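Have a look at the structure below, then the notes.
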Amino acid sequence: MQLKVLRSKLHLATVTRSDLYYHGSLTIDPDLMDAVGLLPYEAILVSNVATGARAETYVLPGERGSAAIELNGAMARLGAVGDRIIVMSFAQIEAAQAEAHQPKVVALDSRNRISERIDYPPVGEACAAPFRNGREAWIEIV
């Protein structure tokens, strides 16, 4: 049996540009992609924090060091410049691998700089204790 699990997340990214008439995708600074292991053209789920709107698209690498988070094409309808979004990727893993699975997660500040590296515990540890207990131990302030 395979399970679909969170693989990586950019938490609270700030939209820096929106272009309705560009090819559909989400442009992301490669430095941010590297931080969580996102690949060019990888399928992602994007959620607008303020509205709850969600859409699926793919990653398009932007200019390295630009802090770019750009909504392109139909994705431009998801939000506006300045909106905070969550970018998530998922993976299919074998159930036997689940216990050791640990997603890569970073939180960003309003200028898309990494403010926290959030160390979610592996699935096996998360099942052993409530998620909210000890959360502070999972966060490294950058």
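Values for this structure:
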read-out: Rounded to the nearest 20 debye, dipole of the chain from Cβ charges on Lys, Arg, Asp, Glu; value: 320 debye
read-out: Residues S18, S110, S115, sorted so that the one with the fewest Cβ neighbours within 10 Å comes first; value: S110, S115, S18
read-out: Alpha carbon centroid spacing (whole Å) that separates the stretch 59-108 from the stretch 1-28; value: 4 Å
read-out: Two-decimal ratio, the chain, of alpha-carbon radius of gyration to 2.2 N^0.38 Å; value: 1.06
read-out: Computed helical MRE - 222 nm, the chain, DSSP H runs ≥ 4 contributing -39500 (n - 2.57), nearest 500; value: -2500 deg cm²/dmol
read-out: Length released on extending from Y21 to V5, taking residue separation times 0.36 nm less the Cα-Cα span; value: 2.5 nm
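Values quoted throughout were computed directly from the atomic coordinates according to the rules given, and no laboratory measurement underlies them. Because the structure is predicted, anything quoted here is derived from the model rather than measured. Here Cβ is always computed from backbone atoms with ideal geometry, including for glycine, and neighbour counts include all displayed protein chains.
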